[in-house]
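*Asks:* Quick one: the structure is below, and I'll ask about it shortly.
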DNA sequence: CGACTGTACTATATGTGTTAATACAGTTAT
DNA sequence: ATAACTGTATTAACACATATAGTACAGTCG
């Protein structure tokens, strides 16, 4: 379900956030859907409950999920807008960085158009 | 000359690398040009010499500069290609992340075209 | 009641970033 | 040769973020 790599240099809590965002983006998780519990994720991926809880806390602060102690965590109704806006802001920063490094907009558009998935993945 | 913010969460040595790359991209630094010495940068920006040295080491490992003990560090002849390739790879990864977050290529191209500089800067 | 939920807390270990203080070897100009 | 510069290496110390471990509390549900 989620793709977690404990060896990666990107923090585990951030990988959890990204995984849930991907699930939502791919409609594998719908508004109102209950997320796996902190302890479930903790067991299944051998992650400390505190780390999972940290990820949930960040997702809630961003308005992507809402947590109800005693019940669980659920995908927010407005998650689409939040995720979209965050992704747009992040990508816009990437554009700024690339331009500062000397690439021009035409080159960036070319990279976007030629982008193939499964680039860094194993077969 | 360089834009260094000690309060930023991005490491200082990485900020130094980016600054030098920007200088090269803007032709303010030409192939063969001598960079300011480790101790000069250290003094001017109140950065530890070790941190500056770390940045120089990374730039040299990437082939962007070459260091000569006793003489100084100089902008490599082939820095253009290296910087360009690195920037392209980095941006391509950004594209992948954005697509996974649910944005489509048309939206990404729109963001590139509408990108304005001086977005996160003070007036 | 019992088993689940999210959350909070302290403590610990680890890795990274940064500074500090030296030290060494090579270059350059006087 | 001496002095002043260059990049580099080493060791130590500190701060911070990440992650784990263990425990605890309050709310929910069958």
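*Asks:* Would you check if residue B:83 is closer than 21 Å to residue B:29 by Cα, crowded, with 16+ Cβ neighbours inside 10 Å and within 11 Å of another protein chain (Cβ to nearest Cβ)? Full working, then the answer.
*Replies:* Numbers: closer than 21 Å to residue B:29 by Cα: yes; crowded, with 16+ Cβ neighbours inside 10 Å: yes; within 11 Å of another protein chain (Cβ to nearest Cβ): yes.
In short, yes.
*Asks:* Out of all the residues in region A:40-50, which are surrounded by fewer than 19 Cβ atoms within 10 Å (Cβ to Cβ) and either touching a residue at least 60 places away in the same chain (Cβ under 8 Å) or within 12 Å of DNA strand C (Cβ to nearest atom) (or both)?
*Replies:* Answer for region A:40-50, where residues must be surrounded by fewer than 19 Cβ atoms within 10 Å (Cβ to Cβ) and either touching a residue at least 60 places away in the same chain (Cβ under 8 Å) or within 12 Å of DNA strand C (Cβ to nearest atom) (or both): A:40, A:42, A:43, A:44, A:48, A:49, A:50.
*Asks:* Just wondering, is there one or more residues in region B:64-76 that are touching a strand residue (DSSP E or B) at 6+ places or on another chain (Cβ under 8 Å), free of Cβ contacts under 8 Å to residues at least 40 places away in the same chain, within 9 Å of DNA strand D (Cβ to nearest atom) and in a helix (DSSP H, G or I)?
*Replies:* Scanning region B:64-76, I find no residue that is touching a strand residue (DSSP E or B) at 6+ places or on another chain (Cβ under 8 Å), free of Cβ contacts under 8 Å to residues at least 40 places away in the same chain, within 9 Å of DNA strand D (Cβ to nearest atom) and in a helix (DSSP H, G or I), so the answer is no.
*Asks:* Return yes or no: is residue B:32 on the phi > 0 side of the Ramachandran plot, in contact with a helix residue (DSSP H, G or I) (Cβ under 9 Å, 6 or more places away or on another chain) and away from DNA strand C (no atom under 12 Å from the Cβ)?
*Replies:* Values: on the phi > 0 side of the Ramachandran plot: yes; in contact with a helix residue (DSSP H, G or I) (Cβ under 9 Å, 6 or more places away or on another chain): no; away from DNA strand C (no atom under 12 Å from the Cβ): yes.
In short, no.
*Asks:* May I pose another question? Could you please find all residues in region B:1-26 being free of Cβ contacts under 8 Å to residues at least 12 places away in the same chain, within 11 Å of DNA strand C (Cβ to nearest atom) and within 14 Å of chain A (Cβ to nearest Cβ)?
*Replies:* If the condition is that a residue be free of Cβ contacts under 8 Å to residues at least 12 places away in the same chain, within 11 Å of DNA strand C (Cβ to nearest atom) and within 14 Å of chain A (Cβ to nearest Cβ), then B:8, B:9, B:10, B:11 are the ones that fit.
*Asks:* Given (1) more than 16 Å from DNA strand C (Cβ to nearest atom); (2) surrounded by fewer than 18 Cβ atoms within 10 Å (Cβ to Cβ); (3) farther than 30 Å from residue B:19 by Cβ; (4) within 14 Å of chain B (Cβ to nearest Cβ), identify the lone condition not met by residue A:102.
*Replies:* The one condition residue A:102 does not meet is (3).
*Asks:* Quick check: is even one residue across region B:27-43 within 11 Å of chain A (Cβ to nearest Cβ) and either part of a helix (DSSP H, G or I) or farther than 30 Å from residue A:23 by Cα (or both)? Walk me through how you get there before you give the answer.
*Replies:* Here is the first cut: in region B:27-43, the residues within 11 Å of chain A (Cβ to nearest Cβ) are B:27.
In the following step, the residues that additionally are either part of a helix (DSSP H, G or I) or farther than 30 Å from residue A:23 by Cα (or both) were identified as B:27.
Yes: region B:27-43 contains one or more residues that are within 11 Å of chain A (Cβ to nearest Cβ) and either part of a helix (DSSP H, G or I) or farther than 30 Å from residue A:23 by Cα (or both).
*Asks:* Does residue A:6 satisfy the criteria of being in a loop (DSSP other than H, G, I, E, B), modelled with pLDDT under 95 and surrounded by fewer than 18 Cβ atoms within 10 Å (Cβ to Cβ)?
*Replies:* yes
The values are calculated or read from the model by the stated rules, or taken from the named source; none is laboratory data. Since this is a predicted model, take the numbers as computed values, not measurements. Positions of Cβ are backbone-derived with ideal geometry, glycine not excepted, and every protein chain shown enters the neighbour counts.
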